[in-house]
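The structure appears below as structure tokens.
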Amino acid sequence: MTQTESLTLPASMEPDNPLWRYALACWQKPDLAEACLALQEQGWSVTRILCAGWLGVNGRAFTGIEDAKVTEWREHVTGGIRSARKSIPRHHAPTHELRRALAEAELQAEQTELALAWQTLYERNPEVASMQNCTSIIVQNLLSAAPHTTRELQSMTQITQLADLLAEHSRRSTEPC
């Protein structure tokens, strides 16, 4: 696909779905958001982290396999908008409005990305996890969500801490786990 081609998207998507609401609830927890962003700086996809967490709190294993449309959207749309936003200095007054507009567009792109993921999440991850411990399920799911280049032990502490935060968040919210 060249950059000028439009992506083929499903005719109907559900932007306000349980995965999106889970993501919004997670983002309300500053320590959880910071942990996700720290891994994003290491090449992780926050969308994959949230999918792994959401499946984990629902007792499901994450295979790490996602629909090509999700990956395509992340690479061509969400990533492009994020890159443009990050290119603009945070405190540069003349471009403040542009940076703010890009941040809003990035959030909308992330919502679309999660809507695309939501459409196939259960069919691509049908296996109910056999482990009883919510944190263990989430750790395994996060390992499946990890970029292949960072599946080394240096990230294990961050992964375990993030899994603890996701499990703790689910105990305090309406999510099962």
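The values are calculated or read from the model by the stated rules, or taken from the named source; none is laboratory data. Small disclaimer: the values here were computed from a predicted structure and weren't measured. Every residue, glycine among them, receives a Cβ derived from its backbone with ideal geometry; neighbour counts consider all protein chains shown. Protein only, heavy atoms only, side chains kept; ligands, DNA and RNA dropped before computing areas. Shrake-Rupley method; radii C 1.70, N 1.55, O 1.52, S 1.80 Å.
Some notes on this structure:
- Residue within the stretch 29-40 that is outside any loop (DSSP other than H, G, I, E, B), of a type in the set (A, V, I, L, M) and open to solvent by 30 Å² or more (accessible area, probe 1.4 Å) present: yes
- Residues that are crowded, with 20+ Cβ neighbours inside 10 Å and in contact with a Gly (Cβ under 7 Å, 6 or more places away or on another chain), drawn from the stretch 100-130: Ala129
- Across the stretch 134-152, the number of residues qualifying as open to solvent by 80 Å² or more (accessible area, probe 1.4 Å) and modelled with pLDDT of 75 or more comes to 1.
- Among the residues of the stretch 44-99, those that are in a loop (DSSP other than H, G, I, E, B) and open to solvent by 40 Å² or more (accessible area, probe 1.4 Å) comprise Asn58, Thr63, Ile65, Glu66, Pro89, Arg90, His91, His92.
- In this entry, Ile65 passes the filter for residues that are among the aliphatic types (A, V, I, L, M) and under 19 Å from Gln140 (Cβ atoms).
- Considered as a group, the residues in the stretch 1-28 that are in contact with a His (Cβ under 8 Å, 6 or more places away or on another chain) and not in a loop (DSSP other than H, G, I, E, B) include one that is surrounded by the most Cβ atoms within 10 Å (Cβ to Cβ), and that residue is Cys26.
- Taking the stretch 32-53 as the range and being touching an Asp or Glu at 6+ places or on another chain (Cβ under 8 Å) and within 11 Å of Leu121 (Cα to Cα) as the test, the residues that pass are Arg48, Cys51.
- Once the stretch 64-110 is narrowed to residues that are touching a helix residue (DSSP H, G or I) at 6+ places or on another chain (Cβ under 7 Å) and acidic (Asp, Glu), the residue that is nearest to Pro126 (Cα to Cα) is Glu66.
- Test: residue in the stretch 112-129 that is among the small types (Gly, Ala, Ser), part of a loop (DSSP other than H, G, I, E, B), at positive phi and at pLDDT below 90: no
Table: residues versus (1) on the phi > 0 side of the Ramachandran plot; (2) over 16 Å from the mean Cα position of the chain (by Cα).
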site: Gln40; (1), (2): no, no
site: Leu50; (1), (2): no, no
site: Gly59; (1), (2): yes, yes
site: Glu66; (1), (2): no, no
site: Gly79; (1), (2): no, no
site: Leu98; (1), (2): no, yes
site: Leu102; (1), (2): no, yes
